[in-house]
Each structure stands twice: as C-alpha cells, then as structure tokens.
1. Would you mind checking which residues have amide H under 5 Å from Val212's amide H? H placed 1.01 Å from N; only 5 or more apart, or other chain.
2. Cross-link candidates for Lys162: which lysines have Cα within less than 29 Å, leaving aside residues fewer than 8 places away along the same chain?
3. Indicate, rounded to the nearest 5 percent, the antiparallel portion of the DSSP beta bridges found entirely in region 102-286.
4. Loop only per DSSP, at most 12 neighbouring Cβ atoms within 10 Å: give me the trypsin sites (Lys or Arg not before Pro) in region 102-149, ordered by residue number.
5. Taking other Cβ within 10 Å of each residue's Cβ, how do Asp76, Asp58 sort, fewest first?
6. For region 236-287 and region 166-221, write down the distance between their C-alpha centroids in whole Å.
7. Arranged from highest to lowest average of other beta-carbon atoms within 10 Å per residue, in what order do the peptides 265-275, 174-184 appear?
8. Using each residue's phi in region 172-185, evaluate 6.51 cos²θ - 1.76 cosθ + 1.60 at θ = phi - 60° and report the 3J(HN,Hα) Karplus result to the nearest Hz, with x for Gly and Pro.
Amino acid sequence: MSVDVETEQTDEPGWEVDPDDDWALAVIATVGRQLKLRREAAGMRAAEFGVAVGYGEDMVYKVEGGKRIPRLDYLDTADQVLDAGGLISAMKEDVRKVRYPKKVRDLAQMEARAVELQLYDPVNVHGLLQTPEHTLALFRMRRPGYAQEEIERGVAARMARKAVFERDPAPELSFVQDEWTLRRRLGGSVVMRRQLEHLLEVAQLRNVEIQVMPMDCEEHAGVDGGIEVLKFGDGTAVGRSPGIAGGRPVTDPRQLRILELRYGIIRAQALTPRESTAFIEQLLGET
C-alpha cells in the first residue's frame, strides 16, 4: 500500500493557519491577496474561479483571506486558470516553508543544519525512520482522535523531515530502537513488514547506523526516556530528553554531557549495527 500525502484528495484545498504563527500568517495573507488580485484582474468571480479550480466558493474566500494554507497543486491550477505565466506557481516555495506547524519547522531546520544526530526512541519507530503507512497508522490511533486534516498535516510534516537523508554532504545518523517497538504490529502485518523492510534499506546507507536494544538486556541506560542530540558544524549542539529539563531543548554543556553519556551507554548495551540488521531480518521473516 502506498500513501501519497501530497496528492491525496480531500474536500478542502489546504490547512488552517496557526493563529500564533506570525510568520505563517504573514506569508499566507500575502499569497491570498495576490490570488485575489489576479482573480479580479482576470474578471472572474469567486464562484466561477472555484468551479475552475475544483473547489467551492467558500474555500476560495478562505484561501484569499489568508485563513487557509493552499495546497501546492492549488497554486499550480490557479496559475493555469488565471494565465499567470508561472507567477502564482512561484509562490509555492514561500508556502512550502510555512505549511507545517512551527514546532515541526523548527525541528526540521535544526535537523537540516546538524552534522551528527544521535536518536533513541523507546516508544515507537523513530519518526525519521517511519514509512508513510506506519506514520499514518500512528496518527489514526491517537486518542482523542485527530481530525482528518490534522492527520494529513501531521503525516506530511513528518515525511518532509526525511529530507535529512538526501543532504550532501550527508550527516552522521545514529538510531537506537527498543526491540518491542519493532515487534508491535501497529497498523497490521503488511504495514509493519514494509516498515521493517524500510529499516533494512536505510541501514545500508553509509552514514546511518541502526541498533536494536534487546528486551532481554538486564541493564538499560534509557529508562528515563528518549534521547535526541543534534550536533552542528560550529561545535554547538542541542539535546532533548524527558529526563532533562522536562523534555525542553537544552544547550547547556553539562546537560548535553549527561545526554551524550546516556546515549553512549545505550549504544554499548544495544546490539551492534551488524547484529541489529540480522535481528531485523529475523523479525521480518516472522512477520
């Protein structure tokens, strides 16, 4: 099963703008004004334009009023309908930068700058390692349940962070996964099988190491929760863990040292990358 979040059809041409996200509000308001000016210059009423682009009049007004973040294909269609010569499509880059929640954008920006990432997730397969199907299943399991729009936006945002694997030069990525996160068949056997296959594919990358913490390990330095340490080219770093500063990002050298110490011990306690690959292959054969 393949899930293309970018082109999946819904009844609405975008997502709501976070009222606390000033930058997104400014960008989307500007895009909306440009759309309205070009529509009016073309002599088209909102209802007529809505029919042409395949959406209702109310949605057209929401996009033009800066209330909705338009989909990228909405802008392409509007460019064609209004014969804008690519000027509307050119706004896709600005929209792309603000289409996800601010906290996700901030995390993605840090990941994009990092030269080394140390990541331990004791609850789920780490977000950077998830397939679209697995992520979709996780968002659908949230309780209380998310609205379809929230699910779609969350999946798209998580998949967008995977750009970290395409960087050149590539950062060094180290992942540690608890065994039980790989045994739970969340989303069903087909989804989990594809997830395990994806882990094996990613593990083949020269800059990626994936290790499994076995359940029969009697010592575990990760009992305080997940760990994220991102190191940058200028020698600075940022880390996060539930057991440090309440899970808020930290840059203090002393706190970072604690996180790196814990992560180093976790890696030493876990199976080696080669052993982990063999273990994941074994799980795949059992799925």
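1. HN-HN under 5 Å from Val212: Gln177, Leu271, Ser276.
2. Lys67, Lys92, Lys97, Lys102, Lys103, Lys231
3. 50
4. Passing both the DSSP loop test and the Cβ count: Arg142.
5. So the ranking, lowest neighbour count to highest, is Asp58, Asp76.
6. So the separation of the two Cα centres works out to 12 Å.
7. Ranking the peptides 265-275, 174-184 by packing returns 174-184, 265-275.
8. In residue order, the calculated couplings are 8, 10, 10, 10, 10, 10, 5, 3, 5, 5, 9, 8, 5, 8 Hz.
Read-outs: derived from the displayed coordinates by stated rules, not from any lab. The model shown is predicted, which means the values in this text are computed figures rather than measured ones. Cβ atoms come from the backbone with ideal geometry, glycine included; neighbour counts cover every protein chain shown.
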